[in-house]
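Beneath this line is the structure, given in structure tokens, with notes to follow.
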Amino acid sequence: MSSVAEFSAGRYEDPLAGIDWDAVDRDCWWLPPSALSLSGVAAFEAMPLATRRRLSQLEYVHLLQAGLWLESQFMARLAILAHRTKDAERQVRFLHEVREEAGHSLMFVELLRRSGFGVDKSRGLAMRAVDALGGLVPSNSALFWAMVVVGEELPDRLNRRLRRGVEDDTLSAVVYRIADIHLRDEAAHSAYAREQCRRTAERCARWQKALLSPGLSIAIDLYARHVYYPPADLYARAGLAPGRAWRRAALANPVRRAQVAEMLRPSLEFLRRSGWRVAGRRPARRIESGA
Ligand SMILES: [Fe+2]
Ligand SMILES: [Fe+2]
């Protein structure tokens, strides 16, 4: 059995202290070129290096903001679960996770602050819809843990991609370090989320899962749409005008569609094995506008 001392002593390292913040640098990629929404689009690949790097920086900032939203949802739910449980071990685990997610969010805030790009607080229609859907889901339910699996695993997969670095070029040392620190904690979060998802799904009747699956599919679809297809004004800020036309190019980009499908695939396969009928649709196909 894990004890408070076991979780607290030695294991926790403050992420803020593990990063050389003076190394924040805009003369490099913040996402690998192959991980951009316009990767492989000929007109984009012909753009100057500075424009393509700036898009990588703005797309990374967009991911940080999505990460902040997601982690705020986790922290709120985990705090409630920690308060409600009668099991001391679970209470310790939940509170430990709150502390780790807070550490991640503090890293994101610090980089956003130093990035000079400013903070965009608009969440767009998709995230407001996910917010509303999520608000209806009881904490600790089978549906809740199914959503947590996707929320934990998608950023984790991106961090693994970031840790592989950039072929023949430079990825920001700060971005690399943030991915490294985030990965360190998230492996345990993902494993725990899968375990809870499996357990709660076993207790959930087949008809209930069939009834709830369309809502789960929509939430995953909207979340992926928001995360992987940034709003038009982001392209304009990168120097790609008109932003709407570049966003349409991203939505139609087969390379991006394949990336998104690949990012989602392991989580969707796991959810299907747990009895959820998640479709794994391609988020871009039906969407032509909006954030
Ligand atoms: Fe996190
Ligand atoms: Fe996490």
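The values are calculated or read from the model by the stated rules, or taken from the named source; none is laboratory data. Keep in mind the model is a prediction, meaning the values are calculated, not measured. No Cβ is skipped: glycine too gets one built from the backbone with ideal geometry, and neighbour counts run over all protein chains shown. The protein model used for the area step is the full one, side chains on, heavy atoms only, and it has no ligands, DNA or RNA in it. Shrake-Rupley method; radii C 1.70, N 1.55, O 1.52, S 1.80 Å.
Residues that are out of contact with any Asp or Glu (no Cβ under 7 Å at 6 or more places or on another chain), more than 13 Å from V150 (Cα to Cα) and small (G, A, S) number at least 3 in the following helices (runs of 4 or more DSSP H) confined to region 231-282: 243-251.
Of R93, R99, R113, all but one fail to be closer than 24 Å to D20 by Cα, away from ligand 1 (no atom under 14 Å from the Cβ) and open to solvent by 50 Å² or more (accessible area, probe 1.4 Å); the exception is R113. Only one of the listed residues (V98, V24, V61) is at negative phi and within 16 Å of ligand 2 (Cβ to nearest atom). That residue is V98.
Among the residues of region 73-84, those that are open to solvent by 30 Å² or more (accessible area, probe 1.4 Å) and away from ligand 2 (no atom under 12 Å from the Cβ) comprise A76, A79, I80, H83, R84.
In region 179-228, the residue that is nearest to L38 (Cα to Cα) out of those that are within 16 Å of ligand 1 (Cβ to nearest atom) and of a type in the set (V, I, T) is V227. Being under 23 Å from V24 (Cβ atoms), away from ligand 2 (no atom under 16 Å from the Cβ) and either of a type in the set (G, A, S) or open to solvent by less than 10 Å² (accessible area, probe 1.4 Å) (or both): is that true of V119 here? Against the criterion (under 23 Å from V24 (Cβ atoms), away from ligand 2 (no atom under 16 Å from the Cβ) and either of a type in the set (G, A, S) or open to solvent by less than 10 Å² (accessible area, probe 1.4 Å) (or both)), V119 does not qualify. Taking the criterion of being of a type in the set (D, E), within 24 Å of R164 (Cβ to Cβ) and in a loop (DSSP other than H, G, I, E, B), the residues of region 12-55 that qualify are E13, D20, D25, D27.
Count of region 37-60 residues, restricted to those that are touching a Gly at 6+ places or on another chain (Cβ under 9 Å) and open to solvent by less than 10 Å² (accessible area, probe 1.4 Å), is 1. Can you say whether L125 is over 22 Å from R277 (Cα atoms) and modelled with pLDDT of 95 or more, as far as the supplied structure shows? For L125, the condition - over 22 Å from R277 (Cα atoms) and modelled with pLDDT of 95 or more - is not met.
Of the helices (runs of 4 or more DSSP H) lying entirely inside region 117-222, the ones with 2 or more residues being under 18 Å from P266 (Cα atoms) are found at 142-163, 173-203. Within region 166-194, count every residue that is away from ligand 2 (no atom under 16 Å from the Cβ) and open to solvent by less than 10 Å² (accessible area, probe 1.4 Å). Residues in region 166-194 being away from ligand 2 (no atom under 16 Å from the Cβ) and open to solvent by less than 10 Å² (accessible area, probe 1.4 Å): 3 in total.
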